[in-house]
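Quick one: the structure is below, questions incoming.
The values are calculated or read from the model by the stated rules, or taken from the named source; none is laboratory data. What you see is a predicted model; the values in this text were computed from it and never measured. When we count neighbours, we look across all protein chains shown, and the Cβ atoms used for this are built from the backbone with ideal geometry, even at glycine. What goes into the accessible areas is simple: the full protein's heavy atoms, side chains included, and nothing from ligands, DNA or RNA. Shrake-Rupley method; radii C 1.70, N 1.55, O 1.52, S 1.80 Å.
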Amino acid sequence: MQLKASILTSEELRRALTRIAHEILERNKGAQGLALVGIHTRGIPLAARLAAKLRELEGVDVPLGRLDITLYRDDLSEISVQPIIRDTQIDFDMQPRRIILVDDVLYTGRTVRAALDALLDLGRPQSIQLAVLVDRGHRELPIRADYVGKNLPTARSELVKVKLQETDGLDAVELWERGEGQPGVQGGGE
């Protein structure tokens, strides 16, 4: 693969998350009754950063959860013979809450569909909204994000890589070109 472009620097990523936090507060008239749920892997640190920003802006601790969607994927047999199952942790009652589902990249919509199925198996929130750092287009399902850090039209041959300090040691969003003959990989904007 070959790096095509740097899309967001560390500072631009920080500003995008700050803007998303303000939009969440505006749309929901504050932080009361909200909860954030990050999708493994990079949605979790993004949700934690949004929770910290909401606390800074509103003085409210927004409950935070994490969600593994592995067993809900419609391409599970294509991923691996033995997929890695991570923990799901939702330590709050979803019934009275508006859930903000958080992920790094929105692509086909299949990850979000799996996340919705997983969440609804755990309870019935008042509503579910979607926040993503990057929306790269190419939807296969009728899903759209409520909050987007960066809209980035891409070709299917391109790959969006989100790198976060918590998982990768640095904050950046990059656009890569797949080499000829390299198959597409699901997840993470791939």
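Out of (1) open to solvent by 20 Å² or more (accessible area, probe 1.4 Å); (2) on the phi < 0 side of the Ramachandran plot; (3) of a type outside the set (V, I, T), the odd one out for L17 is which?
Going through (1) open to solvent by 20 Å² or more (accessible area, probe 1.4 Å); (2) on the phi < 0 side of the Ramachandran plot; (3) of a type outside the set (V, I, T) one by one, L17 breaks only (1).
Hey, another quick one. If a residue has to be open to solvent by less than 60 Å² (accessible area, probe 1.4 Å) and either modelled with pLDDT under 95 or in a loop (DSSP other than H, G, I, E, B) (or both) to count, how many in the stretch 156-183 make the cut?
Summing the residues that are open to solvent by less than 60 Å² (accessible area, probe 1.4 Å) and either modelled with pLDDT under 95 or in a loop (DSSP other than H, G, I, E, B) (or both) in the stretch 156-183 gives 6.
Tell me, which residue of the stretch 128-145 that is part of a strand (DSSP E or B) and over 24 Å from T167 (Cα atoms) is farthest from the chain's Cα centre (by Cα)? Explain how you work it out, then say what you get.
Filtering the stretch 128-145 down to residues part of a strand (DSSP E or B) leaves 128-135.
Then drop every residue that is not over 24 Å from T167 (Cα atoms), which leaves 128-129.
Values: I128: 13, Q129: 11 Å.
Per the criteria, the residue is I128.
While we're looking at this one, here's another question. How many of the residues in the stretch 128-145 are closer than 13 Å to L101 by Cα, open to solvent by less than 40 Å² (accessible area, probe 1.4 Å) and not β-branched (V, I, T)?
5
Another one. Within the stretch 117-127, take every residue that is more than 9 Å from Y72 (Cα to Cα) and open to solvent by less than 60 Å² (accessible area, probe 1.4 Å) and give me the one that is farthest from the chain's Cα centre (by Cα).
G123
Has the stretch 4-17 got any residue that is under 12 Å from Y147 (Cβ atoms), hydrophobic (A, V, I, L, M, F, W, C) and over 12 Å from the mean Cα position of the chain (by Cα)?
Yes, the stretch 4-17 has at least one match.
Count, please, the residues in the stretch 27-72 that happen to be in a loop (DSSP other than H, G, I, E, B), open to solvent by 50 Å² or more (accessible area, probe 1.4 Å) and among the charged types (D, E, K, R).
Matching residues across the stretch 27-72 total 3.
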